[in-house]
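These notes concern the structure reproduced below.
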Amino acid sequence: MREREEEWTGLMRSAISGDSAAYHRLLKAVTPVLRAAARRGLARAGQSVDQSEDIVQDILLAVHLKRHTWDANAPFAPWLFAIARNKLIDSLRRRGRRVFVNIDDFAETIASEPAAETAPASEVSAELQSLPARQRDVLRSIAVDSASIKETAAKFAISEGAVRVALHRGLASLTAKLREQ
Amino acid sequence: MQTDQLIRTLAADNAHRARPVGFALMLALLAAAPVSLLMFFAALGVRPDVMTAMHNPFFDLKFAVTLALAIAAISVSLHLSRPEASLRGWGWLLLIPAGLLVAGILGEMMMPQRMLPMPQRLPMMTRLVGSNSKVCMTAIPLISLPLLAAALVGLRHGAPARPALAGAIAGLLSAGLAATLYASHCTDDSPLFVATWYTIATALIAAIGALAGSKVLRF
C-alpha cells in the first residue's frame, strides 16, 4: 500500500514534467481505487452502485483540471483522496443525500481488490452533446476514435495548437456542466 | 464515454499547464485595484492633514492592522486552495491583526495622558464612537466589493475543500485591502474605533464572501 502510494507520487511528478505516458499510467492505476470508493459511498448512502462510473469520471476530470494545486514535494495520495472525497460528497448530495464520507474509505480501498467497470457512465457522454461543435469534434476524435492530436488536426484541417486549445476548453466546460447539473 | 477513453483524453491534454493559484489571485486583484482606487479617490480621498497624522503612532497602527489582515488572509486563502489543506497550523495568522489591535487598545489605555497625542486624550466612549462610523461602515464594504469579486475569480483556480470558508477568507482579504485605503481617509485613529467599526465592516464582507464562496468556489 505504501509502495503503491510512492509509485503514484513518482508517476505524478513525471507527468508534471511532461511525461504523458506516466500520466496515463497513473490515471489507470488510481481508477480502480476511486471506483471501489465510489461504490462504497453509494452503497452506504443507500443508492444504486450503477452510478459509480459517473462519479469516477467526475473525479478524474477534477484531478486533471486541479492538478496544479498538488504540491510536488508532498505525497500524491492525500491530495487525490481529498479531491475524490470532495467530488463523492458532491455527487451524493446532488443525488439527494447528505452523507459523511470518511477519508479512510480511500486508504482502505487501496488494499482491497480492484473493482472492474460495470455499468457504463452516461453523464459525460450526455454533456458532450451540448459542447460547441469544435470542442465536441476534437474530444470525440481523441476519446472515441483514439486519434492523436496530430491526426485530429489533419482530420479537421486545423493546427495542432487549435486542437490542444479545443481539447482543454472542452474538458473544462464538460466539468463545469457536470457541476451545474 | 468509457472511463478508459476519458483517461486517454486527459493524458492527451497533459501538456496543458495551469498557472499557480497565487498568480491567478494576484492578476485578478491587480485588475480590480484600479476600480477600488477610483471609488476611494472619487468619493473620499486621503485626509488633508496626513503629513501630521503620520507622526501619530495610532494613525500608523491602523495600517499595520489592516495590512496584517490582508497579508494573513492572502496566505491563508492560498493555503486553503489546496484540497487537502485545513486551517490547522494556519488559522493563527489571522490572529495577528487582532493581536495588534489589542496591543493598541492597551497602549492607549495605559500610556500616561501627557505622552498621548491630542485625539487620544478624549474620553473612551468618544473615541470608540468617533465621528466617521457611518462612512466607515459604508466605505469599507463598498471598496471591498470589486476586490472580493476579483479574489473569488482568482481562487476559482484552486480546489478548496471548504468553499464557504475559503470565500470568507477572501472576504477578509478584500476588507483588509479596502480598510487600508479607508484608513488614510478616516480621522478616527483610536484602536477602539478600529476594533469596533472596521471589525463590523470586515465581518459583513466576510459573510458575503462565505455566501458567494459556497457557490462559486466549488470545483
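Structure data summary
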quantity: Subset of the stretch A:10-65 [assigned to a loop (DSSP other than H, G, I, E, B) and within 21 Å of A:Arg94 (Cα to Cα)]; calculated: A:Ala45, A:Gly46, A:Gln47, A:Ser48
quantity: Within the stretch B:32-78, tally of residues that are farther than 17 Å from B:Leu100 by Cβ and among the aliphatic types (A, V, I, L, M); calculated: 15
quantity: Checklist (1) buried (at least 16 other Cβ atoms within 10 Å of the Cβ); (2) more than 14 Å from chain A (Cβ to nearest Cβ); (3) charged (D, E, K, R) applied to B:Arg82, failing item; calculated: (2)
quantity: Pair list, Cβ < 7 Å and 6+ apart or interchain, from the stretch A:67-79 residues that are at the interface with chain B (Cβ under 8 Å from one of its Cβ atoms) and under 17 Å from B:His16 (Cα atoms) to residues that are of a type in the set (Val, Ile, Thr) and buried (at least 18 other Cβ atoms within 10 Å of the Cβ); calculated: A:Thr69/B:Val21
quantity: Residue in the stretch B:134-155 that is touching a residue at least 60 places away in the same chain (Cβ under 8 Å), away from chain A (no Cβ under 14 Å), more than 14 Å from the chain's Cα centre (by Cα) and buried (at least 19 other Cβ atoms within 10 Å of the Cβ) present; calculated: yes
quantity: Residue within the stretch B:127-145 that is basic (Lys, Arg), in a helix (DSSP H, G or I), modelled with pLDDT under 95 and within 17 Å of B:Asp60 (Cα to Cα) present; calculated: yes
quantity: Only listed residue being without any contact (Cβ under 8 Å) to a residue 12 or more places away in the chain, of a type outside the set (Gly, Ala, Ser), surrounded by fewer than 21 Cβ atoms within 10 Å (Cβ to Cβ) and away from every other protein chain (no Cβ under 12 Å), chosen from A:Arg2, A:Arg13, A:Arg44; calculated: A:Arg2
quantity: Residue match in the stretch B:4-19 (condition: more than 14 Å from chain A (Cβ to nearest Cβ) and touching a residue at least 40 places away in the same chain (Cβ under 8 Å)); calculated: no
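Let's see how each residue does on (1) more than 30 Å from A:Gln51 (Cβ to Cβ); (2) surrounded by fewer than 20 Cβ atoms within 10 Å (Cβ to Cβ); (3) at pLDDT below 95:
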{"residue": "B:Ala11", "(1), (2), (3)": "no, no, no"}
{"residue": "B:Arg17", "(1), (2), (3)": "yes, yes, yes"}
{"residue": "B:Thr66", "(1), (2), (3)": "yes, no, no"}
{"residue": "B:Ala72", "(1), (2), (3)": "yes, no, no"}
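The values are calculated or read from the model by the stated rules, or taken from the named source; none is laboratory data. Quantities reported herein were computed from a predicted structural model and do not represent experimental measurements. Backbone-built Cβ (ideal geometry, glycine too); neighbour counts: all protein chains shown.
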